[in-house]
Amino acid sequence: MSEAVETRRARIARRQVDKFGERRAELAAAALHTLAELGFARTSLREIAQNSEFSHGVLHYYFSDKADLLTEAVRQFEEICVTRYDELVAAATSADGLRTGFADAMAATLAADARVHRLWYDLRNQSLFDDSFRKDVLELDERRTDMIWRVVDRYAELAGATVTVAPRIAYAMLDGIFEQALLRHLCDDDNAVRDLPAVVANVLTAIIAKA
């Protein structure tokens, strides 16, 4: 077999893989609303199919099971989420401006994307019981840690200070605050979104020290 033929077959194989991945992403994005509305335990592939334009058979072809679909759906959302604050970081010219912008942005995504955020926490909780989720959850958590650290590190730089906690601690503090606010918001606490910016700003101030 000539080298040209082998190269052509390799290109065809790559295109097929790419198309399969693109289709999985499309299906996962379509299923995201249903999963976010009902949660993992209360959702089946059949129910997801009934709430989308795709058949049950199509979902089964592209996903091995519900867990596979959930992981891909959350991953699609997180691909956008893990860079949501990067523009703020890049544009920041003062510590106060970045702190205010970041705190307000956290409140905005809490209000706009609450159901999808709870799907992430659902997946993370499921990983405590189902090891098939753990690798993906750890990878996503690592990326979220990096996302928060970019904000914290830049904030400290603009403030002429140093961060007094490790990246994982900074993430755990801010993520824990966000999760608590999310629960309050889902319980129809009208103050949850309003109160979040001040709490986030206080944490940022507390975890830096002037050099």
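The values are calculated or read from the model by the stated rules, or taken from the named source; none is laboratory data. Since the structure is predicted, the reported quantities are computational estimates derived from the model, not experimental observations. Glycine also receives a Cβ, built like all others from the backbone with ideal geometry; neighbour counts cover every protein chain displayed.
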Look through segment 98-142, keep the residues that are among the aromatic types (Phe, Trp, Tyr) and buried (at least 18 other Cβ atoms within 10 Å of the Cβ), and return whichever of them is farthest from the chain's Cα centre (by Cα). Phe102
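Can you tell me how many residues within segment 159-174 are in a helix (DSSP H, G or I), surrounded by 17 or more Cβ atoms within 10 Å (Cβ to Cβ) and not hydroxyl-bearing (Ser, Thr, Tyr)?
Taking segment 159-174 first, the residues in a helix (DSSP H, G or I) are 159, 167-174.
Still in the list and also surrounded by 17 or more Cβ atoms within 10 Å (Cβ to Cβ): 159, 170-171, 173-174.
If we keep only those that are not hydroxyl-bearing (Ser, Thr, Tyr) too, we end up with 159, 170, 173-174.
The number of residues fulfilling the criteria is 4.
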Considering only segment 1-79, give the helices (runs of 4 or more DSSP H) lying wholly within it that have at least 3 residues that are in the same structural domain as Leu186 (by TED's automatic domain parsing), modelled with pLDDT of 80 or more and under 20 Å from the mean Cα position of the chain (by Cα). none
Here are some conditions: (1) part of a loop (DSSP other than H, G, I, E, B); (2) in contact with a helix residue (DSSP H, G or I) (Cβ under 8 Å, 6 or more places away or on another chain); (3) farther than 17 Å from Phe40 by Cβ. Asp188 meets all but one. Which one does it not meet? (2)
